[in-house]
Structure formats: structure tokens, C-alpha cells
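Since the structure comes first, as C-alpha cells, the remarks are kept for the end.
The values are calculated or read from the model by the stated rules, or taken from the named source; none is laboratory data. Just so it is clear, the structure is predicted and the values come from calculations on it, not from any experiment. Here Cβ is always computed from backbone atoms with ideal geometry, including for glycine, and neighbour counts include all displayed protein chains. Surface accessibility is based on the protein's heavy atoms, side chains included, excluding ligands, DNA and RNA. Shrake-Rupley method; radii C 1.70, N 1.55, O 1.52, S 1.80 Å.
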Amino acid sequence: MDKNVRLLTQESFLNYCFRRNDEDVRYWEKWIAENPDQQSEIVRLKQLVILMSEESGERVRKTHYAELQTRIKQSGSISEQKSYLFKKRWWAAAAAIFVVLSCVIFLYKGNVKEEIVIQASDVSSGQNKAILVLSNGKSVNLTDGSEGVVADEAGFKISKTSSGEITYSRPNTKNTGTANKGDSYNIIKVPAGGAFQISLSDGTKVWLNSASTMKYPVEFNGKERLVELTGEAYFEVAHNKSKPFRVLSNKQVVNVLGTHFNVSAYTDDQFVRTTLIEGSVEIVANNKKVKIEPGEMAEFNKSGIAVSKVDVEEMIAWKNGYFKFNDDLESTMRKISRWYDVDIVYENTKKYKDSTVYFGGEISRSKKLSTVLKIMESTKRVRFKIEGRTVTVIR
Amino acid sequence: MVKGKELSEYWSTFVKSGSEDAFYVLYSHYHDYFTYLGIRKGANSVKVKDCINDLFLYLFENREKLFNIGNHHNYLVTSFIRKLFKRDHLSITEELETLSLSDIPSSPSVEAQLILQNTRAHISDLLKKHIDRLSHSQAQMIYQKFYLGLSYEQISIANDITVKTAYNTIYNAVEKLKKAIGKEHLEALIWAISLLGLIFYFFLNFYR
């Protein structure tokens with residue numbers, strides 16, 4: 001038996017097996033002719049040699065290719081230096097380029113073919129897009145247009161800054177009187193595929209995610225500061241002890257004193273999630289009040305209000321310019337659909353209740369849709385097809 | 001054995017649409033070819049692998065710039081050699097020499113492909129499992145010796161080991177694999193082949 005292993009590692013025999021060297025081929029063919037009883041053994045060994053060659057090749061190639069894939073993803077998650085609205089500190093953002101991309105999949109039931117679908121078209125990422133509706137009903141498109149005054153409202157100048165944000169400021173401090181008795185409301189609408197930042201007249205900063213609408217008074221005259229939100233927004237509320245800030249969304253109210261928090265209240269999600277980063281908030285819903293601490297999230301759904309500790313990064317990743325997924329397929333696809341403004345269609349109509357796929361990972365939101373989907377496909381649990389503005393999910 | 005130049009269709013598909021399938025086909029072929037070239041030129045395995053991946057990373061990220069390249073094979077080979085030796089330019093003689101480099105000495109012939117197709121199901125799955133259990137360096141050396149046909153000397157230089165160590169590593173790995181496959185499967189194969197042979201023999205006789 002040992003002799004055979006030695007044969008397997010012998011160059012002349014290998015040359016015979018792969019027909020690399022005429023001399024060796026002739027030698028072995030002759031040897032086989034002279035030793036016919038050994039022929040079957042030689043045939044076996046030759047097959048083994050050929051198979052080992054093929055399989056080892058596959059393994060090495062695959063290992064090296066996987067390394068290449070990792071490098072592709074790492075360089076892909078390094079945010080491009082695109083002018084992007086939510087980068088408050090440009091240089092800090094440049095330094096914060098190292099976003100590590102990891103795709104971790106929890107397998108429940110996998111029955112997926114390992115193919116990757118070639119896309120016919122691609123969709124670029126969302127942009128600064130929004131429409132402002134003034135108190136007289138007039139709509140102002142905030143998307144185009146350079147910086148400068150956009151409109152005048154109730155003694156305030158509404159301007160667009162160079163970083164693309166909207167601010168409310170009072171031009172002259174002399175005219176403060178009680179000139180504005182009634183409350184004027186503005187509405188800012190951010191469509192799917194958009195994102196926007198606005199500074200309210202009290203100095204509160206609000207970042208709005210795609211498919212979100214906020215209604216707010218131009219001037220906070222009353223005892224409180226109340227805004228209404230559908231969709232998702234991140235707030236940095238200006239401190240004002242005498243006037244609590246309140247966010248009303250989908251039958252929940254968040255009472256705020258001066259703080260940083262995120263509210264996610266999309267009508268197609270079955271919940272309202274409030275995540276606190278700094279300060280203190282109280283959630284009021286269904287006649288119940290719950291206070292949360294920084295690092296906690298309150299989820300209000302059919303069953304009531306539940307508080308849990310969360311990865312704050314994950315909740316406000318959108319504001320910082322990237323997706324951080326830690327959801328099932330449907331939630332992940334909803335996030336993608338809002339940002340890229342695409343429709344999601346599931347090919348096998350039965351919803352995958354017993355075979356859920358989870359996605360975890362981070363990727364810059366400035367990437368094209370195909371890049372994001374390719375990374376999800378590389379988990380081999382799902383495939384996609386992009387046709388125009390529709391993404392089909394295939395499993 | 002596919003020659004690099006025959007892959008031009010895959011090249012155009014990749015350049016035009018970024019198809020990952022086409023990209024992988026190109027990678028598979030050129031990975032083997034460049035590993036062979038690099039090691040023959042005395043470079044280290046890791047360096048060769050890194051240069052291959054550097055090149056393909058570049059291709060992947062700069063696909064749009066590749067439209068003008070007519071002869072992908074020459075482009076890839078010269079790019080790889082330049083990367084390997086860290087040179088910005090190759091002189092004309094060097095370029096000519098590079099392009100006349102031989103292909104990998106032939107791997108499985110037609111006959112072998114046939115064997116592969118017929119035995120795929122049983123043995124090759126078992127073998128694959130055991131090859132996956134080998135250490136990376138064992139698998140890589142078997143690949144270099146068997147698939148690429150490199151000499152023990154070349155393998156020892158590429159992996160920074162002595163010739164004796166190279167031989168022993170490969171020997172031990174092959175021995176492990178041979179034992180793992182075991183007799184049963186190979187015997188079943190012999191039976192199958194003999195049966196085929198018998199049938200063939202009767203068939204011939206019948207028609208005489």
C-alpha cells in the first residue's frame with residue numbers, strides 16, 4: 001500500500017496521468033502492457049490523482065476568491081466622498097470611513113440555488129429631497145435651488161444653507177411683539193428616495209428619513225412645542241424647560257425636555273419605535289406612560305409599550321449615512337424600498353414564515369442599489385432582480 | 001483545457017454588465033494560470049495570491065475603464081507580471097517574453113474528464129469532504145503539484161520550505177486522502193467499469 005502512495009507522489013507517474021510528458025506517458029503505458037495484472041490498480045490510482053487534482057484546485061480557488069470578495073466589500077463600504085446631507089462634520093466623516101462590513105446569516109431553512117442574477121438596470125441612492133408646504137398652502141420644492149432664502153413665513157426667514165439644510169430665523173429682532181396671534185404650520189414632506197435636515201425656529205434640529213412627513217408650527221407660541229410625524233426622524237431638541245417638546249406620531253406622544261432621540265413611525269411598520277440617545281423622554285400611548293433612559297428603545301405596538309436596550313448605532317445609522325441591518329428579510333427590504341424609492345415584489349407569494357432569513361451588516365447608504373443587493377446575495381440565501389424601479393425577491 | 005484567449009466572451013460580458021458569473025470564470029482560469037506563472041518565476045505563494053487578488057480587485061472596481069481593451073489576455077498577463085515585479089513598465093523584450101509564456105502543462109485530458117463525469121457523485125463528494133479537512137497549506141501544495149504540475153523544488157521555494165518538507169507534506173496529505181477514500185468506493189468503481197467493459201465486449205460480439 002505504501003508503494004502506491006509513493007507512486008501517487010512520483011513525478012513520472014503524475015506526468016503520465018496528466019499526459020504532460022511524452023516520455024513518461026510512453027514509459028507507463030509500456031509498464032502497464034508488461035504488467036497486466038496491475039492494470040486495475042493503476043487505473044484506480046490515476047482516477048484518484050485526477051480527482052485530487054480537481055478538488056484541491058476547487059478548494060484553493062474558492063478560498064482565494066472568498067478573500068477577494070472580502071476585500072471588495074471592505075473597499076465598497078468605505079464611504080465615497082459624495083456630498084451627502086447628513087455629514088455634519090465633513091472631516092470627521094472622512095476619518096470615520098472605516099465601516100466594517102460583515103454579513104452574518106442565521107440559517108433556518110435554506111433551499112436556495114447558488115446563482116446570482118445579472119441585473120439589467122440599477123438604482124442610485126437617495127438624495128436630499130423634500131417639499132415644504134407653507135401655511136398658505138403653497139408648496140416649495142426644496143430639492144433644487146441653491147442656498148438662500150426659500151420663503152418668508154410669519155416673520156421668519158426660511159433659508160437653505162450650503163450644507164442643504166433648512167433653517168428658520170428671525171431677520172430683525174425689533175419686531176417681536178404679539179404680531180402673530182394664530183399659529184402658522186408648515187409641513188415638510190420627504191419622499192421615498194429622499195432625506196432632509198431642518199432646524200426649527202427654536203433651534204431644534206430634525207433629520208428626516210425617506211418617506212417621512214412632519215407638521216410643525218413656524219413659531220412655538222404656546223405652552224408646549226408640538227410636532228407631528230409620520231415616518232422616521234432623528235431629533236436634537238433645543239433645551240427649553242418652560243416649553244416641553246412633544247412628538248406626536250401614530251397615536252403615540254413623546255414628551256421631551258431637551259434631548260437626542262429617534263422616532264420611527266412608518267405606517268407600513270406595525271410599531272412606533274422611539275430610541276433615546278441622550279437626555280430623557282417619556283412615551284405616552286394608550287393611556288400609559290413610560291420613561292426611557294439613553295440606550296433604550298420603547299416599542300409601541302398592538303400589545304402595548306415595551307422597553308428594551310438596543311444598539312443605538314443601529315437605530316440611527318441612517319442619519320449617519322449608512323444602513324445597519326439586524327432584521328428579517330421583510331424589514332430589510334422595507335428600509336431599502338424607502339431609501340431607493342423602489343417597489344418590492346416577492347416571487348414565491350407564500351411569505352416565509354417558517355423559513356425566515358435574517359440579515360446583519362452595515363453598508364453606506366450612498367451605494368447604488370445593486371451593490372447593496374449583491375452583498376445580500378453573497379449570503380446565498382436570497383436572489384434579486386432589478387427591473388426599472390421594481391426589485392423582485394427570489395428565494 | 002481552456003486557453004485564456006478563448007475567454008473573450010466572458011471578458012466582454014463582465015466589462016459590459018459586471019456579471020459576477022463571468023467574473024468568476026475569468027478569475028478561476030487566471031488564478032490557475034497566474035499562480036503557475038508566478039511560482040515558476042520564483043515568487044512566493046502568498047505574494048502571488050495577493051497580486052492576483054489585487055489585479056482582480058482593480059478589475060472589479062474599474063470595470064468601466066476596461067472598455068477599450070481589445071486583447072484581454074495580453075492585458076491581464078502584462079498587468080499581472082508588472083504587479084508581481086512591482087514595475088511600472090516592462091521593456092519591449094520583457095513584454096514579448098511575457099506573452100510567449102507557456103500555458104499550464106495540460107491538466108485532465110478528455111479521458112479524464114469522462115472519468116470525472118462518471119464518478120462525480122460518489123467518490124468526488126467524499127474526496128471533497130476530506131480535502132476540505134486538510135490544512136490550507138496541504139491543499140495548496142497538492143494543487144500546486146497535481147493541478148499545476150510544478151516541481152518539488154519550485155513548490156519548496158514558493159512556500160518557503162525545504163524540498164524534503166514539501167515532499168513530506170504532500171506525501172502525508174495524499175496518504176491521508178487515499179486512506180479516507182477507502183477501498184469500497186474504488187472497488188465499486190472497478191466493478192462498474194468492468195461491467196461496462198463486459199457489456200461492450202458482448203455488444204461487439206453480437207454485432208460481428
### Task
List the residues whose amide H sits under 5 Å from the amide H of A:Asp327, counting only those 5 or more places along or on another chain, with H placed 1.01 Å from N in the peptide plane.
A:Phe359
### Message
What FRET efficiency comes out for B:Lys128 versus A:Gln10 if R0 is 22 angstrom and r is the Cβ-Cβ distance? Round to the nearest 0.05.
### Response
0.35
### Query
Residues of segment A:290-353: accessible area per residue at 1.4 Å, in Å²?
50 Å²
### Query
Can you list the aspartates and glutamates whose alpha carbon sits under 15 Å from that of A:Lys46, skipping same-chain ones fewer than 8 residues off?
A:Glu11, A:Asp24, A:Glu29, A:Glu54, A:Glu55, B:Glu111, B:Glu175, B:Glu187
### Cross-link table A:Lys129/A:Lys385; A:Lys380/B:Lys41; B:Lys49/B:Lys164; A:Lys138/A:Lys289; B:Lys16/B:Lys83, entries beyond 28 Å C-alpha to C-alpha
A:Lys380/B:Lys41; A:Lys138/A:Lys289
### Query
From the backbone phi of segment A:215-231, what are the Karplus-calculated ³J(HN,Hα) couplings (6.51 cos²θ - 1.76 cosθ + 1.60, θ = phi - 60°) in whole Hz, Gly and Pro given as x?
10, 8, x, 4, 10, 8, 8, x, 6, 9, 10, 10, 10, 10, 9, 10, x
### Kirkwood hydrodynamic radius (C-alpha pairs) into Stokes-Einstein, segment A:189-254, 10 °C and 1.306 mPa s, D in µm²/s
131 µm²/s
### Query
Counting other Cβ atoms within 10 Å of each Cβ, which trypsin sites (Lys or Arg not before Pro) in segment A:283-336 have at most 16 and sit in a DSSP loop?
A:Lys302
### Out-of-range pairs (alpha-carbon distance over 26 Å; input A:Lys319/A:Lys367; A:Lys73/A:Lys309; A:Lys335/B:Lys65; A:Lys157/A:Lys367; A:Lys241/A:Lys288; B:Lys65/B:Lys86)
A:Lys73/A:Lys309; A:Lys335/B:Lys65; A:Lys157/A:Lys367
### Task
Pop the C-beta distance of A:Glu147 and B:Glu6 into the FRET formula with R0 = 56 Å and round what comes out to the nearest 0.05.
0.50
